[in-house]
Amino acid sequence: MTSETGFTARHYAICLSGIVWREALRFLHQRERFVSALVRPLVWLFIFAAGFRQVLGVSIIPPYETYVLYDVYITPGLMAMIQLFNGMQSSLSMVYDREMGNMRTLLVSPFPRWFLLGSKLVAGVAVSILQVYAYLLIAYFWEIEPPTPLGYLTVLPALVLSGLMFGALGMLLSSAIKQLENFAGVMNFVIFPMFFASSALYPLWRVQESSPLLYRICQANPFTHAVELIRFSFYEKIAWDSLGLVIAFTSVFAAGALIAYDPAKGMMMRKGG
């Protein structure tokens, strides 16, 4: 079947595989990126969570059916942290490619721009999922695992959706960053507020008891709903509210990125991208 652009499904598949393979090779050649992606959550798990293991046990709240230790509770948040950092790393690579001219070469391809950006997004999500499962492999030896092995499979769709959301957010941010030197400040401005003002480190009912304002901020935080979506799916359940909001946030971020990278509407060409 031939599309309106004159390309067949095989042409699209070749383009997609090429972009994914390029991102995979970049990831394999940047071993420090893989190590750093694991070091951050493992530091939280082995040091921070271990220190509060006996002090901050979590009461019985969905999806948990028993009391859980603190390191068990924060694991979904750490999985989402890996994906959030990967989304920001992907946006960093787009800023770098734009400065080096590689991004211009990609975007002048005859393939539709939405497909090219979507392929870039899919490639980043695939890399982030590999990082998450590497973390879960290490966490298994720390006796952190789902109730049944099926949890490793049921969490995959949640990881895909959350990875798409963070990747789309990173893509949107990359369109607004003019220079590579400004990226670190933007990362810190986005990552740390999203991570700490969420349910990643503590249940929201505890936040509500101490600060109703912070509770409302946490509820509006996309990261919170990604964490809860992962948390429930890890226990073979579905957080329907979080599922709907993650899809909605992903749609908004992706639409914003498509507009921003459109030379007729967005900012990229006006910025010399």
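Read-outs: derived from the displayed coordinates by stated rules, not from any lab. Quick caveat: nothing in here was measured; it's all calculated off a predicted structure. All Cβ positions, glycine included, derive from the backbone under ideal geometry; neighbour counts span all protein chains shown.
Between residue 216 and residue 113, the contour length at 0.36 nm per residue exceeds the alpha carbon distance by 33.4 nm. The gain in end-to-end length when the residue 241 to residue 65 segment is fully stretched comes to 61.4 nm, 0.36 nm per residue minus the alpha carbon separation. Modelled this way, with points 7 Å down the Cα-to-C-beta line, the labels at residue 47 and residue 205 are 3.2 nm from one another. Residues whose amide H comes within less than 5 Å of that of residue 68, counting only those at least five positions distant or on another chain, are 58 (H built at 1.01 Å from N in the peptide plane). For region 127-206, the spherically averaged projection of the C-alpha convex hull amounts to 7.2 nm². Averaging 1/r over every pair of different alpha carbons in region 106-153 and inverting the result gives a Kirkwood radius of 13.1 Å. Between residue 142 and residue 248, the simple label model (points 7 Å from Cα in the Cβ direction) yields a spacing of 3.3 nm.
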